[in-house]
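Only one structure is covered here, and it is reproduced in the block below.
The values are calculated or read from the model by the stated rules, or taken from the named source; none is laboratory data. Note that the coordinates shown come from a computational prediction; the quantities given were computed from them, not determined experimentally. With ideal geometry, Cβ positions are generated from the backbone for all residues, glycine too; neighbour counts draw on all protein chains shown. Just the protein is used for accessible areas: all its heavy atoms, side chains included, with ligands, DNA and RNA removed. Shrake-Rupley method; radii C 1.70, N 1.55, O 1.52, S 1.80 Å.
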Amino acid sequence: MAPRIRVLAALDQARTQYYHFKAIVIAGMGLFTDSYDLFCISPVMKIFGRVYYAPSGSVDGSGSGPGVTPPAVVSATVGVALLGAVAGNVVFGALGDRVGRRRVYGACLLLMVCSSVGSGLSVCRTRRCALASLCFFRFLLGVGVGGDYPLSATIMSEFANRRTRGAFIAAVFSMQGFGILVSSAVTMAVAAAFDHYTGYPAPLDTPECADLAWRIILMAGAVPAALTYYWRMSMPETARYTALVERDVVKATNDIGRVLADLDLAAVAEEEVAAAALSPPPVTTPPPPPRPSYGLFSRRFVRQHGRDLFACAAAWFLLDIPYYSSTLFQSQIYRPWFPPAAKVNAFQEAFNVAKFQAVIAVASTIPGYFAAMLLIERAGRRRLQMAGFLLMAVFLFALAGPYNGYWRDHAKTAGYIVLYSLTFFSANLGPNTTTFILPAELFPARFRSTCHGLSGAAGKLGALVGSIGFLWASQQKDGAAAGHLPGIGMMYALFVLGGICLLGLALTYAFTPETMTRSLEENESSVQAQSQVGDGGSDAGNGSDGLRFHELNVLMEAATKSPVSMASSHLSMSPILPHRMSL
């Protein structure tokens, strides 16, 4: 086994401390902003349609009804944000490995804050200009949100201990649920305030100040992200990046000692001494020559990590198709429960949409996240992902089978809403959470953020397929809504989504490994060991994440000069690296 760096071993064994919970909140604000902007756009489009698209029967006849924004416009506002997220995942993920997690982290959050404000601060008052400005800033917002995914997951995985790592990363991801809830609350508050201020206007009477309401809702998403900017910038670089990528073990030890109290390096040293006493004496043979480092997508990378990258990216892609499609499916759910658009004004319609989103979040989304946090370290990532995919398929098929014969005319029954809510619960319990966790645990430190970004980009491409594809495919062949092309119908669209979930289940079973209770370095070592069978050589001299033999000697010499490290160990040899190495 490759020699371990003592500060990293101590991190794996560290008790849960206050800083871990602080890191959850700081890292989770990006995910909070993501879900806020994703879910507030539906009620915002209701107000936007009332302001910029005239009702049916008007002079220009440009809209299909009061408050109805044309589907091409809805597709554009959703699609540009997802395309931006794809770019952000790839670019910021790569920068996180090249420049450092901490340096890129603040820039990513700052981009989200500025683009959230820019989404609402458009000075345009014409339809075309306002829409162009909104799409531009939502693209930039998507870039920031996409970049936050790999950085947040990687930072949390590298700070956490091995026993609670999965639960902590799941807690970061669960901030999405609270983003949905706050998004709905802000939308309801703004809509109610404007409705009251304007004297409860008639359904087809949209006051001029409605153009201000949707802007306030969008800009409010910048507030929580801006409040955490200082704490993001004050976070130290993760010890794993400093030790394994920057090759500065002493700085890693000093940095992590400033934020985590009682980091017991001496206990790790005692375990090493006990293990050395029980092991046979090392064979004094000259070490093998250092093997050359390998790059991303090199032949060696594909051999060692290609299977894991495929598993993470493909599972995320398959998940986001039904997950984002189900988000758009909400309009079919809440429509029978609230008055039609022609009988309410712009503020009341936006209020009703946000109210329904809040109910779904409280009843299914947030409980799903909490269930994942409770079960992730008991059931494991792989089992939870398979269970989630299976349950999603079951509930989607339950909606699809009797849809034309029963659900279409009985959409107001409790069973219909329960089945729909359970699809969200199952997704958040399983693959929606685990696809965020696994890429942060499977790859070496110098590729971890990049590979997570590539996996997340694949997911956003799936979201793009689900969001836009489902919007059109769900239309009936003989009765498509105005502005839509005929599709395959809701029943067949739901069957397709259920089949995609079963495909995700099969892919997880065949390709996804388990990472529970293992350190990040152990996950990498096991992959290397498997790939080197019959390889004609050994990487024993490389150390974790490709630390080569001569580099370990340099680190050992530097570590012996560190007063912080010397104080943490009573041994006479190197305080950072183990006494005995299999070199």
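Worth a mention:
- The listed residue being open to solvent by 20 Å² or more (accessible area, probe 1.4 Å) and not in a helix (DSSP H, G or I), out of PRO402, PRO336: PRO402
- A residue that is of a type in the set (D, E, K, R), within 25 Å of PRO439 (Cα to Cα) and either at pLDDT below 95 or in a helix (DSSP H, G or I) (or both) occurs nowhere in region 47-58.
- Only one entry in VAL172, VAL182 is of a type in the set (Val, Ile, Thr) and crowded, with 24+ Cβ neighbours inside 10 Å, namely VAL172.
- Hits in region 204-224 (condition: farther than 12 Å from ILE47 by Cβ, open to solvent by less than 40 Å² (accessible area, probe 1.4 Å) and part of a loop (DSSP other than H, G, I, E, B)): ALA220, GLY221
- Looking across region 115-129, just one residue is in a helix (DSSP H, G or I), touching a residue at least 40 places away in the same chain (Cβ under 8 Å) and either within 30 Å of ALA445 (Cβ to Cβ) or open to solvent by 70 Å² or more (accessible area, probe 1.4 Å) (or both), and that is ARG127.
- Filtered residues of region 235-274 (kept if part of a helix (DSSP H, G or I), within 22 Å of ALA440 (Cβ to Cβ), at pLDDT 85 or above and open to solvent by 10 Å² or more (accessible area, probe 1.4 Å)): VAL245
- The number of residues in region 1-40 being buried (at least 21 other Cβ atoms within 10 Å of the Cβ) and either in contact with a Ser or Thr (Cβ under 6 Å, 6 or more places away or on another chain) or among the hydroxyl-bearing types (Ser, Thr, Tyr) (or both) comes to 11.
- Among (1) in contact (Cβ under 8 Å) with a residue 40 or more places away in the chain; (2) open to solvent by 10 Å² or more (accessible area, probe 1.4 Å) - the single one MET156 does not satisfy: (2)
- Filtered residue count, region 375-394, keeping only those that are open to solvent by 30 Å² or more (accessible area, probe 1.4 Å), closer than 18 Å to CYS312 by Cβ and basic (Lys, Arg): 2
- Filter result for the condition that a residue is closer than 25 Å to TYR492 by Cβ, among the polar types (S, T, N, Q) and in contact (Cβ under 8 Å) with a residue 12 or more places away in the chain, over SER449, SER467, SER455: SER467
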